[in-house]
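**Q** First the structure, then my questions, so here it is.
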Amino acid sequence: MRVFGIVGSMRSNRHTATLVREVVEAMEDATSPLEAEIVHAAERTFAPCRVTCSPYCSSHPYRCATTDDVGTVLKRMIEADAVILGAPQYFRAPPAHFHAFIERVQSMFFFHETVGAARTPSPLAGIPCGLVAVAEYSNPHGILEYLHDFSTLVGMRPVLLDGFPYLGVGAHGDPREDEVFRPHERAKELGAALARAAAARREGRGA
Ligand SMILES: Cc1cc2nc3c(=O)[nH]c(=O)nc-3n(C[C@H](O)[C@H](O)[C@H](O)COP(=O)(O)O)c2cc1C
């Protein structure tokens with residue numbers, strides 16, 4: 001089984017990265033063998049969508065005219081049995097660099113599905129997706145909603161939790177001291193739930 005995680009923080013070894021890693025570790029406890037890859041947005045080149053080239057992605061399903069790391073990261077998502085998306089809050093929004101990735105992927109899907117003549121189904125359809133959001137002094141729920149919107153708009157299936165904040169793992173301030181969102185507990189639950197969802201999908205596809 002393959003899991004692919006994206007850390008949207010500009011810092012590669014802080015809270016977002018820790019929690020994404022913890023979700024992967026919980027998946028490792030639940031399923032074997034697990035092939036895990038985590039990419040850090042800060043170490044990749046993601047340009048914003050240029051929009052004026054939309055005739056290209058309208059007619060080339062799920063491909064983009066701009067050649068940077070967006071295409072290779074999207075390919076790794078498509079190949080995965082489960083995806084983990086993690087992002088912190090920067091000034092009431094996700095980091096601009098990570099959002100450039102989200103914008104580009106979303107544009108490819110949007111222009112093909114709404115303007116393109118022939119419809120090719122989403123290559124991410126049905127892939128279970130775990131969400132992680134971190135904020136310091138604001139509520140991380142807004143970032144969970146942002147990630148939830150993105151994942152559903154490209155056809156993935158966000159894996160929900162049975163406890164607050166339901167949409168995924170949230171952390172408010174230092175995750176070790178957060179007794180409301182309980183991010184470390186939730187990361188374990190999310191990893192286990194993601195492993196179950198990915199196994200069920202593989203079984204359903206005869207993989
Ligand atoms: C540029 C910048 C802007 C930030 N803006 C906010 C904010 O609007 N609300 C908030 O709660 N935290 C904000 N923070 C705090 C981050 O959400 C917090 O430091 C988080 O842990 C960053 O993720 P990381 O630990 O993975 O780097 C900001 C941090 C930075 C660096």
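**Q** Quick check: pseudo-label points 7 Å beyond the Cα along Cα→Cβ at ALA125 and ALA207, how many nm apart are they?
**A** Reported label-point gap for ALA125 and ALA207 is 1.5 nm.
**Q** Let me ask something additional. Please express the shape of the chain as an equivalent ellipsoid: the semi-axes are the square roots of 5 times the eigenvalues of the C-alpha gyration tensor, given largest first in whole angstrom.
**A** For the chain, the semi-axes come out at 27, 21, 14 Å.
**Q** Would you tally the net charge around ILE38, using a Cβ to Cβ cut-off of less than 13 Å, leaving ILE38 out, and scoring K and R as +1, D and E as -1?
**A** Here the count lands on -2.
**Q** Could you run the Karplus curve 6.51 cos²θ - 1.76 cosθ + 1.60 with θ = phi - 60° over the range 119-129 and give me ³J(HN,Hα) per residue in whole Hz, x for Gly and Pro?
**A** Each residue of the range 119-129 in turn: 9, 9, x, 4, x, 9, 4, x, 6, x, 9 Hz.
**Q** Next question, about the same structure. Can you give me the long-range amide H partners of GLY5? Hydrogens built in the peptide plane at 1.01 Å from N, cutoff under 5 Å, separation of 5 or more residues or another chain.
**A** Amide H neighbours of GLY5, under 5 Å, 5+ apart: GLU37, ILE38, VAL39, ILE84.
**Q** Hey, another quick one. Express in whole angstrom the spacing between the alpha-carbon centres of the range 88-154 and the range 170-207.
**A** 18 Å
**Q** Counting pairs of alpha carbon atoms under 8 Å apart in space and at least six apart in sequence, what relative contact order in percent does the range 114-204 give?
**A** Normalised by residue count, the contact order of the range 114-204 is 30 percent.
**Q** Starting from 0.36 nm per residue, how many nanometres of slack lie between ALA96 and GLU37 once their C-alpha separation is accounted for? Write down the numbers at each step before the final one.
**A** Details: separation 59, 0.36 × 59 = 21.24 nm, distance 2.26 nm.
Length gained, ALA96 through GLU37: 19.0 nm.
**Q** Something else: Can you give me the distance in nm between label points at VAL115 and GLU177, each placed 7 Å from the Cα along the Cα-to-Cβ direction?
**A** So the two model labels end up 4.9 nm from each other.
**Q** Under 18 Å from a point placed 7 Å out from the Cα of ARG196 along the Cα-to-Cβ direction: which residues of the range 138-179 have their backbone N that close?
**A** Once the point is set 7 Å along Cα→Cβ of ARG196, 157-169 turn out to lie under 18 Å by backbone N, inside the range 138-179.
**Q** Follow-up. With all protein chains present and a 1.4 Å probe, how do ARG92, ARG14, ARG119 order by accessible area, largest first?
**A** ARG92, ARG119, ARG14
**Q** For the pair GLU185 and ASP149, how long in nm is the line joining their label points, each one 7 Å along Cα→Cβ?
**A** Roughly 3.0 nm, to one decimal.
**Q** Which GluC sites (Glu not before Pro) in the range 6-88 pass both tests, a DSSP loop state and at most 15 other beta-carbon atoms within 10 Å?
**A** Here no GluC sites (Glu not before Pro) fit, given the DSSP loop and packing criteria.
The values are calculated or read from the model by the stated rules, or taken from the named source; none is laboratory data. This structure is a prediction, so every number in the text was calculated from the model and none was measured. Every residue, glycine among them, receives a Cβ derived from its backbone with ideal geometry; neighbour counts consider all protein chains shown. For the accessible areas, the whole protein counts, side chains as well, though only heavy atoms, and no ligand, DNA or RNA atoms are used. Shrake-Rupley method; radii C 1.70, N 1.55, O 1.52, S 1.80 Å.
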